[in-house]
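Structure first, commentary second.
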Amino acid sequence: MSHDFGLRAQCLVFGRVTHDGMKAHWMTAADGEITRFMNALPKLVASRTITCSDWNSMRVTADIVGEIVKLRAAPGKDVFIFGSAELVDSLLKANQIDEMILGVVPARLGAGTPFFKEGGERRKMELLENRALKNGTMILRYGV
């Protein structure tokens, strides 16, 4: 995350599993600019299993599509989703994602959740930017 990202963010959105991991990390992370951004920015978690979170500035919703529609209707800053393959799939199907930034890490895990799910309509995306990191990770930004 960069300083620019923190200034552009209206809200951070997570699925419940990603929320749990991010909350555990950022609530105990050493103080710094990124930690302050992550803890201060408004956050929204999509969940059918929890109804509240003790992470600062966090709201929980079972109607994520409805909440995203409301957030996107408000003028101003961007809404960012972290991880959460199931969440992204539901928002892609509801046409609520304009841009995706994917980090491709050169490691085979052998298991995990596929990011793009079966059953969605075929959709082309436009590559807007690509950036290689020193560790071999590729950052790819697509217009949906």
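Sequence-ordered 3J(HN,Hα) estimates for segment 127-144 from the Karplus curve with 6.51, -1.76 and 1.60 and θ = phi - 60° stand at 5, 9, 6, 9, 9, 8, 8, 4, 7, x, 5, 10, 9, 10, 10, 10, x, 8 Hz, glycine and proline given as x. The label-point distance for ASP20 and ALA85, in a model that sets each label 7 Å from Cα toward Cβ, rounds to 1.7 nm.
Between the amide H of LYS43 and those of LEU12, MET58, ARG59, distances stay under 5 Å, these residues lying 5 or more places away or on another chain, with hydrogens modeled in the peptide plane. With both labels modelled 7 Å from their Cα along Cα-to-Cβ, the GLN10 to SER57 distance reads 1.5 nm. For the pair LEU133 and MET27, label points projected 7 Å from Cα toward Cβ lie 2.5 nm apart.
Diffusion coefficient of the chain by Stokes-Einstein, Kirkwood radius over Cα pairs, 10 °C, 1.306 mPa s: 97 µm²/s.
Working note: Karplus 6.51/-1.76/1.60 with θ = phi - 60° gives segment 84-93 the couplings 6, 4, 5, 4, 4, 4, 5, 6, 5, 4 Hz, where Gly and Pro are set to x. Scanning the chain for GluC sites (Glu not before Pro) in DSSP loops with at most 16 neighbouring Cβ atoms within 10 Å leaves 1-117 as the longest stretch between them.
Cross-link pairs exceeding 19 Å in C-alpha to C-alpha distance, out of LYS77/LYS134; LYS70/LYS93; LYS43/LYS70; LYS43/LYS117; LYS23/LYS77; LYS93/LYS117, comprise LYS77/LYS134; LYS43/LYS117; LYS23/LYS77.
Where a number appears in this text, it was derived from the coordinates with a stated rule and is not lab data. From a predicted model like this one, the values you see are computed outputs, not experimental measurements. All Cβ positions, even for glycine, are placed from backbone atoms using ideal geometry, and neighbour counts span all protein chains on display.
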